[in-house]
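Presented below is the structure to which this report refers.
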């Protein structure tokens, strides 16, 4: 157990790699099979768009699962809940690979997410266990170097593997990924929960902990700001296969390259954020960086509605919007985790669950608008992204009020 967070200038890169891999459970499990959604629907003779239910099930599982692992990691330590989640993830990945019908695949994806949700929620808690406020924001930004590789490599690998061996092979790869990561965690991740956190968790019911946290206006504001920002990202993830492949006629084998370029922008800005944190507080960067997202999201909507610039009129501002998120996510999470460090696991769970819950809603809304507006092109995605960013801004400035902290 650790008694207080570290305040050193840097984090060991071995830890960065491991925690980054734990946070990559979700993007690996989502992005790798995105190019295969049409093939999955075709194999099961499903109606158009029905295979997207597997994506919605995964988002739902991530939102629900984190609410369990956060308090569990505060009460019983970080390691054992993490092992349990990884074991469930591996078993559910095998079930996905062997699914005989779409309904079974949807259920298996739900359980896969319930297991995989242990990774990101406990990784964030470990960061807060070991590092102070500003350093936590830096480490969370550095995690993007590892976690951000998933959106770049996963679609590329997924497209090639699916073309050679079929979509089921993707879930066997995820099975091996989960099992290997579980083994590394067993030998390399030490317990980091503090004695104060353990005492706090053992003295109260998890529901009372969540109730106490929800009474904190700054925490609610930072949680909603981060979650709605993630909602804009999920709208893009949901719309991107249809938009890039069907609307802009980009080959499915090249889909990963376009997807990866946007991920590179997000990673690069996250590293700019880590550099800025040497001189500025997370709250300062968060409030000054948010207007850039609004600006480029507005340009994206105008271009999508008017058709100005064609494909590039959409892809360029989209890249800039997604890149600007590198100044938001890590800082909002660090600010939220700072509200009550003794409940770091529960806060991490609350923020993660809200992000994926709202992400599921924006993904569903984007999908519904796309179906209802078949000739809309990028318009449904652009409108949902702008709405989510504006709502995130209201939560940041109107509820969290970081400038007053």
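Rule-based calculations on the coordinates, nothing more; no lab input. None of these values were measured; they are calculated from a predicted model. Heads up, the Cβs are rebuilt from the backbone with ideal geometry, glycines too, and the neighbour counts pull from every protein chain shown.
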| query | At residue 208 and residue 91, where each label point lies 7 Å from the Cα along Cα→Cβ, what is the point-to-point distance in nanometres? | reply | 3.2 nm
| task | Please list 61-68, 304-311, 226-233 highest first by mean number of surrounding beta-carbon atoms within 10 Å per residue. | result | 226-233, 61-68, 304-311
| request: Just grab the label-to-label distance for residue 160 and residue 104, each label 7 Å out from Cα along the Cβ direction, in nm (one decimal). | output: 3.0 nm
| request: Would you please put 262-274, 325-337 in order of how densely packed they are, using the mean number of other Cβ atoms within 10 angstrom per residue and starting with the highest? | output: 325-337, 262-274
| request: Hey, for a label at residue 261 modelled as a point 7 Å past Cα toward Cβ, could you say which residues of segment 300-325 have their backbone N under 12 Å away? | output: 311-320
| request: For residue 278 and residue 298, compute 0.36 nm times the residue count separating them, minus their Cα-Cα distance, and round to one decimal in nm. | output: 4.1 nm
| Zone of residue 375 (label point 7 Å along Cα→Cβ, backbone N under 17 Å): which residues in segment 245-283? | 247-248
| task | Compute the distance in nm between two label points, each set 7 Å from the Cα along the Cα-to-Cβ direction, one at residue 76 and one at residue 64. | result | 1.9 nm
| Of the labelled options (i) 22.4; (ii) 21.0; (iii) 21.5, which one gives Kirkwood radius over Cα pairs in Å as computed for this structure? | (ii)
